[in-house]
Structure formats: structure tokens, C-alpha cells
Amino acid sequence: MNIFQVDGTLVCTDRHPGMEKLPLRILRDQKGKIQVAVDTIGTCDGNWVYAVSGSAARQALGQERVHIITDLTICGIIDFWDEAE
Amino acid sequence: MNIFQVDGTLVCTDRHPGMEKLPLRILRDQKGKIQVAVDTIGTCDGNWVYAVSGSAARQALGQERVHIITDLTICGIIDFWDEAE
Amino acid sequence: MNIFQVDGTLVCTDRHPGMEKLPLRILRDQKGKIQVAVDTIGTCDGNWVYAVSGSAARQALGQERVHIITDLTICGIIDFWDEAE
Amino acid sequence: MNIFQVDGTLVCTDRHPGMEKLPLRILRDQKGKIQVAVDTIGTCDGNWVYAVSGSAARQALGQERVHIITDLTICGIIDFWDEAE
Amino acid sequence: MNIFQVDGTLVCTDRHPGMEKLPLRILRDQKGKIQVAVDTIGTCDGNWVYAVSGSAARQALGQERVHIITDLTICGIIDFWDEAE
């Protein structure tokens with residue numbers, strides 16, 4: 001899973017019906033590149049999160065929403081990490 | 001999902017029958033690299049869009065067209081995004 | 001889908017039986033990196049093509065050849081593209 | 001499979017229920033980029049490991065845990081490797 | 001498929017049981033980055049090979065070994081290639 005910082009919300013009126021009305025967040029990776037992810041846990045701007053990609057991104061939406069179109073889904077808000085000394 | 005700008009239309013007479021006659025757009029990413037995507041929502045040159053990759057790209061074509069060959073499908077035209085302050 | 005130029009043919013006597021005798025082409029991407037792809041449409045050296053990756057690459061071989069091992073399959077020869085002005 | 005060094009443990013109280021309480025490690029790749037992986041074999045900080053990505057990452061969790069959400073799972077601790085001379 | 005040179009053998013006593021005792025090779029890509037692959041055809045150090053990634057890597061192990069955990073499998077030893085003139 002990659003680590004990102006939430007950088008805003010995507011406004012997108014003309015979108016694929018398979019994405020329903022799930023919130024789409026702008027995520028910025030460690031190199032500054034931005035991507036779009038489905039947010040299932042309610043993140044705020046500035047949060048550090050990790051997100052799953054590929055077929056796992058659909059699985060993260062649960063059995064009843066596995067038909068939703070996504071290749072990147074936010075799966076956790078990071079509190080902190082213990083770095084090796 | 002990655003963010004791209006639509007940069008033109010691909011003309012390709014000698015193509016795989018599994019792609020039918022769906023429009024293929026040239027997309028330019030944030031670094032200037034171009035890729036080819038299936039367009040299901042009718043984009044115009046210059047639009048900013050996001051596209052899904054991998055197996056989700058086929059799923060985005062719907063149940064009756066899931067046999068179509070693609071690994072990148074345009075899923076939404078971006079209006080704008082609210083950046084974190 | 002990525003865009004490549006066909007740069008030659010791979011000769012490989014000691015290959016996985018799951019690849020049968022399908023032609024393998026050397027493709028060069030926009031940055032000069034080379035990859036190997038299965039060719040189903042009969043390309044020539046110098047052609048500009050696009051190829052699908054991942055599970056779609058197997059699907060591109062059709063129902064009767066979906067057991068063939070590949071993660072990159074050429075899907076079309078590019079005539080030209082209309083760039084945005 | 002990519003090679004990483006374990007660089008710490010991720011603390012993440014607000015996480016997707018599909019990840020249960022499996023330990024999440026911070027892995028650092030050869031270029032210094034960090035990623036998050038599920039640890040199934042009990043690694044320590046500083047260990048050199050290799051990890052599988054994509055759908056294989058879920059398969060690595062075994063039949064009874066294949067529903068767990070992951071796209072990167074640690075699969076082995078590296079003792080050493082014999083380099084070609 | 002990507003092209004690699006075999007650069008040694010990985011010794012890894014503490015490994016996932018789903019990988020059984022298949023040989024794991026260190027592969028070096030065109031940029032010098034190393035990865036780990038399952039070797040099904042018996043390569044030697046210094047060989048130039050190509051390897052399949054993703055779900056095709058598992059399929060390359062055959063029906064009776066498709067449960068084995070891998071995301072990169074060596075599929076052929078390259079004799080040479082004819083470059084475009």
C-alpha cells in the first residue's frame with residue numbers, strides 16, 4: 001500500500017454511474033504526484049493515509065459495493081509510525 | 001485513478017476486434033507521457049479527466065461490454081478540485 | 001494502453017510451453033525502454049502500436065487462447081493521431 | 001517480487017475493518033521510497049525481505065484470510081544472495 | 001514482459017509456505033534495479049531472460065501449481081533479437 005497526504009476533494013459532475021456518489025479525494029504521494037481515490041472512511045484535508053490499489057481497491061468497498069469502479073481506495077488514516085533506530 | 005488531459009484522438013484502422021469501434025483518446029499525464037484510453041463518456045480535446053486502470057478498466061465498460069479489451073478507461077470529466085489550504 | 005514502436009523480434013528457443021509459438025516482438029516505449037509483447041495482428045519493424053497490459057493482455061488472445069502466458073499484447077497499429085491544437 | 005528493508009511499524013487506529021489487526025510494516029525500497037505491507041511471518045526492524053504485490057498479496061494470506069484487504073504482503077526474510085561473478 | 005539478466009540466487013530459509021521450494025532468482029533490469037522471480041525453466045547466472053508479472057506469473061506455474069505465491073515468473077531464456085535497422 002502506498003502512503004499519501006489528502007490534498008482536497010475532486011468535483012466531477014460528469015462521472016461514470018458505476019462510481020455512484022462516493023467522495024473522491026485528491027491524494028499527493030511522496031514525490032508530489034497527485035492521484036484520485038475513493039474515500040470510504042471519511043478523511044480530512046491534510047490527513048496522512050494509505051490506500052490499496054488494483055483489484056483490492058474494489059474489494060475494499062465490501063461485498064455490496066464491489067461493482068463500484070475504482071483502482072485506488074483509502075484504507076486507513078495513519079497516526080504515526082515507529083521508525084527503526 | 002490517475003489524472004490526465006485529453007490530447008487528441010487515435011486513428012487506428014488495424015485494431016483488435018475485441019476493441020470494437022469505441023473511441024480511443026490520447027491522454028497526457030502530469031509528466032507529459034501519453035497513453036491511450038477507451039472513452040465511454042464523450043470527452044473533448046483539452047478536458048481534464050481521470051481514468052481507471054487494470055481490471056477495473058474493463059468493469060467500467062459495463063456487464064454487456066466487459067469482453068472489450070482495455071486497461072485504461074476514462075471515468076469522469078473533472079470540473080475542479082478544492083485544494084487543501 | 002501504452003504506445004510503443006516495434007523494434008525487432010525476440011528469438012527464444014528455450015521458452016515456457018504456455019507461450020506456444022506466438023511471435024514475440026521487442027517494443028520500445030517513449031523513454032527508450034524495451035519490453036516484450038505477444039503479437040496477434042502481424043506487425044512489422046518500425047510500426048507504431050499500442051499494447052494492453054495485465055489480465056487484459058490474456059483476454060486479448062481470445063477465449064480459445066486465454067491460457068497463453070502474457071502480460072503485454074499488441075492490440076493495434078496506429079495510423080496517426082489528431083493532436084489538440 | 002520486490003526487495004525491501006523493514007523500517008518500522010505503522011500505527012493506524014482508524015483503519016478499514018477488512019484489514020483486521022494484522023501488523024502493518026513500513027518497507028523501504030532500493031530507492032528509499034516507503035510502502036506499507038501486511039506482515040504474515042513476523043519480521044523485525046532492519047530485516048531484508050521480499051514482498052508480493054497485486055492479487056498475489058491477498059492469496060499469500062491463505063484461503064481463510066483471502067478476504068483481507070492488501071496489495072503488498074511480506075513473503076520471506078532474505079538470508080543472503082549469491083551474486084553472479 | 002520485461003527483460004532481465006539473472007544475477008544470482010536468493011537464499012531465504014524463512015519463507016512463505018505457499019512458495020514451496022521453487023528456486024528464486026535475483027533479476028537485474030535495464031536500469032540496474034533488482035527483483036526476485038520464480039524460476040521454472042532452470043536459468044543460469046548471466047542468462048538474459050524475460051519474465052511475466054501480475055496474475056500471469058501464477059498462471060505460468062501451471063494448473064497444478066497455480067496456488068503458488070508469485071508476482072514474477074521467468075518464462076524464457078533469450079537467444080538474441082533482431083533489431084530494426
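The values are calculated or read from the model by the stated rules, or taken from the named source; none is laboratory data. If you're wondering where the values come from, they're calculated on a predicted model, not measured in any experiment. Cβ: placed from backbone, ideal geometry, glycine included. Neighbour counts: every protein chain shown.
May I ask you to list the residues in segment E:34-57 that are more than 7 Å from every other protein chain (Cβ to nearest Cβ) and of a type in the set (Phe, Trp, Tyr)? Residue satisfying the conditions is E:48 alone. Residue-level analysis places residue A:11 outside the set of residues that are touching a residue at least 12 places away in the same chain (Cβ under 8 Å) and either surrounded by fewer than 22 Cβ atoms within 10 Å (Cβ to Cβ) or not aromatic (Phe, Trp, Tyr) (or both). Looking across segment D:33-85, the residues that are hydrophobic (A, V, I, L, M, F, W, C), surrounded by 22 or more Cβ atoms within 10 Å (Cβ to Cβ) and either closer than 23 Å to residue E:56 by Cβ or without any contact (Cβ under 8 Å) to a residue 40 or more places away in the chain (or both) come down to D:36, D:37, D:38, D:51, D:52, D:56, D:57, D:60, D:69, D:72, D:74, D:75.
Exactly one residue out of A:8, A:76 is outside any loop (DSSP other than H, G, I, E, B), more than 14 Å from chain D (Cβ to nearest Cβ) and at pLDDT below 95: that is A:8.
Going by the conditions given, is residue B:36 farther than 20 Å from residue C:41 by Cβ, part of a strand (DSSP E or B) and not polar (S, T, N, Q)? No; evaluated as a whole, the condition is false for this residue. Flag set for residue C:17, criterion: surrounded by fewer than 16 Cβ atoms within 10 Å (Cβ to Cβ), within 15 Å of residue E:76 (Cβ to Cβ), at pLDDT below 85 and within 12 Å of chain E (Cβ to nearest Cβ). Return yes when residue D:44 is out of contact with any helix residue (DSSP H, G or I) (no Cβ under 8 Å at 6 or more places or on another chain) and at pLDDT 90 or above and no when it is not. Yes; evaluated as a whole, the condition is true for this residue. For residue D:27, the requirement of being outside any strand (DSSP E or B), touching a residue at least 24 places away in the same chain (Cβ under 8 Å), more than 8 Å from chain A (Cβ to nearest Cβ) and over 18 Å from residue E:54 (Cβ atoms) is not met.
Is one or more of the residues making up segment B:25-38 touching a Ser or Thr at 6+ places or on another chain (Cβ under 7 Å) and farther than 18 Å from residue C:75 by Cα? So far as segment B:25-38 goes, no, none of its residues is touching a Ser or Thr at 6+ places or on another chain (Cβ under 7 Å) and farther than 18 Å from residue C:75 by Cα. The conditions of being of a type in the set (S, T, N, Q) and at pLDDT below 95 are met by residue B:63.
Of the residues making up segment C:39-48, just one is part of a strand (DSSP E or B) and either of a type in the set (S, T, N, Q) or farther than 16 Å from residue C:71 by Cβ (or both), namely C:48. The number of residues in segment A:1-24 being closer than 16 Å to residue A:53 by Cβ and polar (S, T, N, Q) comes to 1. Can we say residue A:63 is polar (S, T, N, Q) and more than 7 Å from every other protein chain (Cβ to nearest Cβ)? Spelling it out, residue A:63 is indeed polar (S, T, N, Q) and more than 7 Å from every other protein chain (Cβ to nearest Cβ).
Residues that are within 14 Å of residue D:52 (Cα to Cα) and not in a loop (DSSP other than H, G, I, E, B) were ranked within segment E:49-73; the one that is farthest from the chain's Cα centre (by Cα) is E:55.
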